Amino acid sequence: MENPKFEISHINYSGFNKLDKSEMKEIENIVSNNIKQIKRYTNIIALRLHLKILHEKKDAKQMPTHKTDATLETDKGNFFSTTENRNLYTALNDVLENLLKQLKHKHPRKEEWKESYKSPKNKT
């Protein structure tokens, strides 16, 4: 699904087809708010969100657990996060915030910095 509003080529929602329209609207709001924050640091190439409902029983007295995975492809690299929570919206928000934290702490030139110390220094 393309989303030109945020200039993202791909947002893939996997496993969200069992949810109704009002739940999907709330999920899209959560995703768009987090994408705005992520866009401050880098360009997003693709975002994949995967939802899996664990322990779902019709006669169970407790709510099912939602396992949410997210994969983010950016100019700075690929990031992955996963979480479990009984509240779907909290699980999704936690996953996207974790991706943002990973993105903030990745040094933009870390690989270049490591390579400069591996090569022998020029002696004059």
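Laid out as a table, the results:
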quantity: Peptides 19-29, 77-87 ordered by average Cβ neighbours within 10 Å, highest first; calculated: 77-87, 19-29
quantity: Per residue accessible area in Å² of segment 31-107, where ligands, DNA and RNA are left out and the probe is 1.4 Å; calculated: 60
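The values are calculated or read from the model by the stated rules, or taken from the named source; none is laboratory data. All values derive from a computational prediction rather than experimental measurement. In this analysis, Cβ positions are derived from the backbone assuming ideal geometry, glycine residues included, and neighbour counts consider all displayed protein chains. Ligands, DNA and RNA are stripped out before the accessible areas are found, and what is left, the full protein with its side chains, is counted by its heavy atoms. Shrake-Rupley method; radii C 1.70, N 1.55, O 1.52, S 1.80 Å.
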